[in-house]
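Reading through the C-alpha cells given below for one structure.
The values are calculated or read from the model by the stated rules, or taken from the named source; none is laboratory data. Keep in mind that what you see is a predicted model, and the values were worked out from it rather than measured. A quick note on method: Cβ atoms are made from the backbone with ideal geometry, for glycine too, and the neighbour counts reach across all protein chains shown. Quick note on the areas: whole protein, heavy atoms, side chains included, nothing else; ligands and nucleic acids left out. Shrake-Rupley method; radii C 1.70, N 1.55, O 1.52, S 1.80 Å.
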Amino acid sequence: QVQLAESGGGLVQPGGSLRLSCVASGSIFTINAMRWYRQAPGKQRELVAAITRGGTTTSADSVKGRFTISRDNAKNTVYLQMNSLKPEDTAVYYCNADIQVLISKRSANYWGQGTQVTVSS
C-alpha cells in the first residue's frame, strides 16, 4: 500500500506565506510526477503545480511568480512554497503522485487527504 500525507496548511493573512509538504510512504519502487491540486468551496478541483522526477515544473497562471513546487526524491517528498498569498488561494490543497509499487512494478495515481489553507485577515 501507498499513502500520501500532506502537512503545513493553516490560517494566514493576505500577503503571507506557507509551505506545504507531502510525504509518500509504503511499498514504493519509484515516484514519477508529483502534483499539487486545490479545491475551493463550490469549485472544481484544479491543478496548481506539477514536477517531474527530473525536476521539470509547471504551474497554473494564477500562481506563477508566487508559488514554487519542489521535491526531494531521497525523502519521497514534494513541497509547495506559497508566497504573497491572496484570499482567493483559500482551498483544500491535495497532493497527487504517479507511483510505481514494489514487487509488481505497477504504476498508479495516488491522492492525499488534503490540507486546508485559509487566507484571511
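Tabulated values for the structure
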| item | result |
| --- | --- |
| Among residues of segment 62-77, those that are surrounded by 13 or more Cβ atoms within 10 Å (Cβ to Cβ) and either of a type in the set (D, E, K, R) or over 13 Å from VAL48 (Cα atoms) (or both), counted | 5 |
| Selected residue (only one of PRO87, PRO41 is at pLDDT below 95, more than 29 Å from ARG106 (Cα to Cα) and either over 10 Å from the mean Cα position of the chain (by Cα) or open to solvent by less than 30 Å² (accessible area, probe 1.4 Å) (or both)) | PRO41 |
| Candidate set: segment 90-113, residues that are open to solvent by 10 Å² or more (accessible area, probe 1.4 Å) and of a type in the set (A, V, I, L, M, F, W, C); chosen: the one farthest from GLY54 (Cα to Cα) | VAL92 |
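Table: residues versus (1) touching a strand residue (DSSP E or B) at 6+ places or on another chain (Cβ under 6 Å); (2) on the phi > 0 side of the Ramachandran plot; (3) part of a helix (DSSP H, G or I); (4) not small (Gly, Ala, Ser).
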| position | (1), (2), (3), (4) |
| --- | --- |
| LEU11 | yes, no, no, yes |
| ALA24 | yes, no, no, no |
| ARG35 | yes, no, no, yes |
| GLN44 | no, no, no, yes |
| ALA74 | no, no, yes, no |
| LEU80 | yes, no, no, yes |
| TYR94 | yes, no, no, yes |
| ILE99 | yes, no, no, yes |
| ALA108 | no, no, no, no |
